[in-house]
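> After the structure tokens below, expect a handful of questions from me.
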Number of protein chains: 2
Amino acid sequence: MKIIVDAMGGDFAPQAVVEGAVEAAREFDIDIVLVGDEPRIKSLLDKARCPAGKITVHHASEIIEMSEPAATSIRRKKNSSIVVGVNLIKEKAGDAFFSAGNTGAVVCASTLMLGLLPGIERPGIAIICPTLKGVSLIIDVGANIDPKPMHLLQYGLMADAYFHYILNKPNPRVGLLNIGEEETKGTDFMKETHNLLSSSHLNFIGNVEGRDLFSGKSDIILCDGFVGNVALKVSESLAEAMYEFLKRNLTSSIMGKLGIGLLKSGLSRFKKETDYSEYGGAPLLGVNGVVIIGHGRSSSKAIKNAIRFAKEEVERNVNSKIIEEIQQI
Amino acid sequence: MKIIVDAMGGDFAPQAVVEGAVEAAREFDIDIVLVGDEPRIKSLLDKARCPAGKITVHHASEIIEMSEPAATSIRRKKNSSIVVGVNLIKEKAGDAFFSAGNTGAVVCASTLMLGLLPGIERPGIAIICPTLKGVSLIIDVGANIDPKPMHLLQYGLMADAYFHYILNKPNPRVGLLNIGEEETKGTDFMKETHNLLSSSHLNFIGNVEGRDLFSGKSDIILCDGFVGNVALKVSESLAEAMYEFLKRNLTSSIMGKLGIGLLKSGLSRFKKETDYSEYGGAPLLGVNGVVIIGHGRSSSKAIKNAIRFAKEEVERNVNSKIIEEIQQI
């Protein structure tokens, strides 16, 4: 299996990406193609003592910066690592594409170049997130910031297939992220989406609130990409802030310091359970190909885990399951 | 000073409200008027051994339920605790109104009955929230779910006055909650709001992201009421979930259990710093009167703290500061 990796994407690229890719190549049975500035990548690969033959470099002379508008940038920068990388997937020169770069540009390039699955009008980024009762799937967290109600229904159908066939839970509960549980709550967009979901064959449990993201009340949480993105970043921020609050409080007394020694393994498990980089990547559902999106702040560890996730997504054959699900309607 | 309290508002009303009010009357130098079902409130007051003379009851025969649409409910239920309570403020029979009931109905009744401050077109709910570097003020978290860019500018002006005169920090940094830092990010609404804020005299630092809610990067965070409400509830949910994760991890081993004993005071400080009920209430800025909104799930402790907050808001004379600020433009 061959994973195409955007070596120039993310705040710490190319270094963190190359290091993460080298670790992934060591640990997993895959080949990796790093797309980007060949001389820079090769020099980093030499330093990282890359395992022979498992990583190749595909040169791309341009970089789409985080601040560039998505549609214009992919039109103007045909030689960017994102456009070149997506094109490799299109030409079947690789099985999956991963980027921690400009999310809008990845979404736009994937949509235009790979096309969409039958019945899907817009792709959505799905996050699998730990809850007190297992996991939940939140879609969309940033691909589509001004969606139509019909797009949220399509996200629901894709997430349903994902939960059923990939997470092995048929008939998952579907909730709509709103500011109150009652169907009278929210904007006109929310009310229209609520109606559409109510008359679908999905196991729609109605509106859920921000507090239900981690409660496990709903297996699938549908939202527009703007709200989903804010919610996701608030979560990360709060997890970090709470860890910091906790450390301050626990180390402010001698008894606390003594206690912390006894708790080390519990605390590191706690940190692991709430650490974004353990998950690494999020699937872009709806495009005709396996595209995984990483966090802009991805560390080499996050990159490694995202590449592992890309490999698993290819093995799981997600898209054929989604197509099956949608054709049954 | 006299605080008018909606005894029928909130998931645990009237019991939690009456108990919280009794505690507040014991601890603080205030009079309280409980508005709602007189027989029920009086029987609860008898049980709670209320200090003589500090709490009176004002009968209101109707209740606006959480699920009722705001505008219709206040028009139809003239004898509801919310409408009667706001009217008491309007008639100067009290200095502040507190409710943990239907937020939309409180916002709507306050706007229509008390009127708005000069130059303000829509009120906004502000939350003062702890960060790693102090506090930040987030507005709006649920009063106005479909705002115009001009409303967010007005929220910025009110928050600026609040930060300057109440939190004693002149020229606070103002950020706009968006899905990326670059000014090209977000919906058309976000871009228009960004332009408006850039050309104002506010200390506008540009877009901030969900992750900046707790980082302290910005003193004031502006957002529409839908996004703000989701962000707030995500935070509460995650704080609770993390506390639960932590407890599970810490008590899963003998060493962990030993450690937890040594850490008790640190952990309870941690819980206190992240516990919503310590703050209790959020001011509805922009209405011509002091109106404090509580969480639907308010416990008696949250109610007590919200009443204390209402007292402080009256003492701080917030509205005259906001009017001063806006007239200077």
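> Report the residue count in segment A:218-239 for those that are at the interface with chain B (Cβ under 7 Å from one of its Cβ atoms) and under 18 Å from residue A:185 (Cα atoms).
Adding up the residues that qualify gives 1.
> Here's another thing I want to ask about it. Test of understanding: among B:115, B:94, B:101, B:85, which residue is surrounded by fewer than 16 Cβ atoms within 10 Å (Cβ to Cβ) and either at pLDDT below 95 or in contact with a strand residue (DSSP E or B) (Cβ under 8 Å, 6 or more places away or on another chain) (or both)?
Criteria check complete, one pass: B:115.
> A further question follows. Among the residues of segment A:186-206, which ones are farther than 19 Å from residue A:122 by Cα and crowded, with 24+ Cβ neighbours inside 10 Å?
Once the filter is applied, which keeps residues that are farther than 19 Å from residue A:122 by Cα and crowded, with 24+ Cβ neighbours inside 10 Å, segment A:186-206 yields nothing.
> Just one of B:256, B:206, B:266 is of a type in the set (Gly, Ala, Ser) and at pLDDT 90 or above; which is it? Step through it out loud before you land on a result.
Details: B:256 fails: at pLDDT 90 or above; B:266 fails: at pLDDT 90 or above.
Selected residue: B:206, the only one of B:256, B:206, B:266 that is of a type in the set (Gly, Ala, Ser) and at pLDDT 90 or above.
> Scan segment A:282-319 for residues that are more than 18 Å from residue A:93 (Cα to Cα) and in a loop (DSSP other than H, G, I, E, B) and jot them down.
Once the filter is applied, which keeps residues that are more than 18 Å from residue A:93 (Cα to Cα) and in a loop (DSSP other than H, G, I, E, B), segment A:282-319 yields A:286, A:295, A:296, A:297, A:298, A:299.
Residues checked against (1) surrounded by 23 or more Cβ atoms within 10 Å (Cβ to Cβ); (2) at pLDDT below 90; (3) over 20 Å from residue B:232 (Cα atoms):
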site	(1), (2), (3)
A:179	yes, no, no
A:224	yes, no, no
A:234	yes, yes, no
A:247	no, yes, yes
A:271	no, yes, yes
A:275	no, yes, yes
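> What is the number of the single condition among (1) more than 7 Å from chain B (Cβ to nearest Cβ); (2) surrounded by fewer than 17 Cβ atoms within 10 Å (Cβ to Cβ); (3) at pLDDT below 90 that residue A:301 does not meet?
(3)
> (1) within 13 Å of chain A (Cβ to nearest Cβ); (2) among the hydroxyl-bearing types (Ser, Thr, Tyr); (3) crowded, with 24+ Cβ neighbours inside 10 Å: which one isn't true of residue B:215, the others all being true?
(3)
> Sticking with this structure for a sec: All but one of (1) at negative phi; (2) within 8 Å of another protein chain (Cβ to nearest Cβ) hold for residue A:195, so report the exception by its number.
Only one criterion in (1) at negative phi; (2) within 8 Å of another protein chain (Cβ to nearest Cβ) is unmet by residue A:195, namely (2).
> State whether the residues of segment B:37-50 include one that is in the same structural domain as residue B:290 (by TED's automatic domain parsing), in contact with a helix residue (DSSP H, G or I) (Cβ under 8 Å, 6 or more places away or on another chain) and surrounded by fewer than 16 Cβ atoms within 10 Å (Cβ to Cβ).
Within segment B:37-50, one or more residues are in the same structural domain as residue B:290 (by TED's automatic domain parsing), in contact with a helix residue (DSSP H, G or I) (Cβ under 8 Å, 6 or more places away or on another chain) and surrounded by fewer than 16 Cβ atoms within 10 Å (Cβ to Cβ).
> Shifting gears a bit: Here are B:128, B:166, B:145: which of them is surrounded by fewer than 24 Cβ atoms within 10 Å (Cβ to Cβ) and within 14 Å of chain A (Cβ to nearest Cβ)?
B:145
> Another question about this same structure. Just need a number here: residues in segment B:306-322 that are surrounded by 24 or more Cβ atoms within 10 Å (Cβ to Cβ) and within 15 Å of residue B:31 (Cα to Cα).
First pass over segment B:306-322, keeping only residues surrounded by 24 or more Cβ atoms within 10 Å (Cβ to Cβ): B:306-307, B:310, B:322.
Then drop every residue that is not within 15 Å of residue B:31 (Cα to Cα), which leaves B:306-307, B:310.
The qualifying residues number 3.
> Residue B:122 is checked against (1) closer than 16 Å to residue B:218 by Cα; (2) surrounded by 19 or more Cβ atoms within 10 Å (Cβ to Cβ); (3) among the basic types (Lys, Arg) and fails just one. What number does that condition carry?
(1)
> A further question on this structure: Can you find even one residue in segment A:113-133 that is part of a loop (DSSP other than H, G, I, E, B) and closer than 30 Å to residue B:244 by Cβ?
Within segment A:113-133, one or more residues are part of a loop (DSSP other than H, G, I, E, B) and closer than 30 Å to residue B:244 by Cβ.
> Which numbered condition in (1) part of a strand (DSSP E or B); (2) over 23 Å from residue A:316 (Cα atoms) is the only one that residue A:98 fails?
Here residue A:98 clears every test but (2).
> So, one more: Take residue B:109 and tell me if it is under 19 Å from the mean Cα position of the chain (by Cα) and in a helix (DSSP H, G or I).
So residue B:109 fits the description; yes.
The values are calculated or read from the model by the stated rules, or taken from the named source; none is laboratory data. What you see is a predicted model; the values in this text were computed from it and never measured. Backbone-built Cβ (ideal geometry, glycine too); neighbour counts: all protein chains shown.
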